[in-house]
1. Between A:Ser95, A:Ser27, A:Ser62, where does the largest GNM mean-square fluctuation fall for chain A, given springs only between Cα atoms within less than 10 Å?
2. Could you give the accessible area per residue of chain B, probe 1.4 Å, as a whole number in Å²?
3. Taking both sides together, what accessible area is buried at the A/B interface, probe 1.4 Å, expressed in Å² and rounded to the nearest 100?
4. What residue among A:Val89, A:Val74, A:Val12 shows peak mean-square fluctuation when chain A is described by a Gaussian network model with Cα springs under 10 Å?
5. Subtract the Cα-Cα distance of A:Ser53 and A:Ala2 from 0.36 nm times their separation in residues, and report this length gain in nm to one decimal.
6. Over the protein assembly as shown, what percent of the accessible surface lies on carbon and sulfur atoms, probe 1.4 Å?
7. Post the alpha-carbon centroid distance, segment B:1-80 to segment A:1-78, in whole angstrom.
8. List the pairs from B:Lys38/B:Lys70; A:Lys11/A:Lys57; B:Lys3/B:Lys38; A:Lys15/B:Lys38; B:Lys38/B:Lys73 whose alpha-carbon separation is above 30 Å, in the order I gave them.
Amino acid sequence: GAGVSQSPSNKVTEKGKDVELRCDPISGHTALYWYRQSLGQGLEFLIYFQGNSAPDKSGLPSDRFSAERTGGSVSTLTIQRTQQEDSAVYLCASSLGRGALYEQYFGPGTRLTVT
Amino acid sequence: AQKITQTQPGMFVQEKEAVTLDCTYDTSDQSYGLFWYKQPSSGEMIFLIYQGSYDEQNATEGRYSLNFQKARKSANLVISASQLGDSAMYFCATLYNNNDMRFGAGTRLTVKP
């Protein structure tokens, strides 16, 4: 079956522009996660959705970052007024449910470069 | 704060030998999951192995095994019979019941022929 997909795979944008990153989770997965991985670094948790709601937004680095999920499926991560420090790979993952027992399946990521 | 630590930024191992990648975590939660992921140079995150905090036996998946020592809060990954294709970044992660998942900084493993 299809895995988690993300688009675009690469995005180059000018500082100050807004960008939208898209994630299509595995069908039937109710939990969806966004992470950021800066060059050579580990993964930084950004936000988690259970269905369409996001009970935990604590990881979003600033109010320039927002995310939504519609229909319990596709999610969009929006970064407004991008800064150079936003350059990173943004990874999306989905899992069957919430809790400590569910493996997260990762998408291939979107590499964002802010010039 | 829940913290996860991988103390080895880089490791080398000879092909066909075993290697242990360290991971320690810090939590007061009773229920949690421990994961290891492999990230090759292509960037994808590949799930390797999972251990639940209540599992009494160490998890094994093929050449991967997890040395889980709950009292010490450690979850080391053991790779047996290393292969050249094992060269990658390896991330340890913990997932708690509030769905807060934390990753370590990673260990870069290089398998030498």
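The values are calculated or read from the model by the stated rules, or taken from the named source; none is laboratory data. Keep in mind that this is a model prediction, so the values were computed, not measured. Ideal geometry is used to build each Cβ from the backbone, glycine not excepted, and the neighbour counts take in all protein chains shown. Just the protein is used for accessible areas: all its heavy atoms, side chains included, with ligands, DNA and RNA removed. Shrake-Rupley method; radii C 1.70, N 1.55, O 1.52, S 1.80 Å.
1. The residue that fluctuates most here is A:Ser62.
2. Accessible area per residue, chain B: 48 Å².
3. 1600 Å²
4. For chain A, modelled as a Gaussian network with Cα springs under 10 Å, the answer is A:Val12.
5. Using 0.36 nm per residue and subtracting the Cα-Cα distance, I get 16.0 nm.
6. Accessible surface attributable to carbon and sulfur in the protein assembly as shown totals 46 percent.
7. So the two Cα centres are separated by 25 Å.
8. Over 30 Å apart, Cα to Cα: A:Lys15/B:Lys38.
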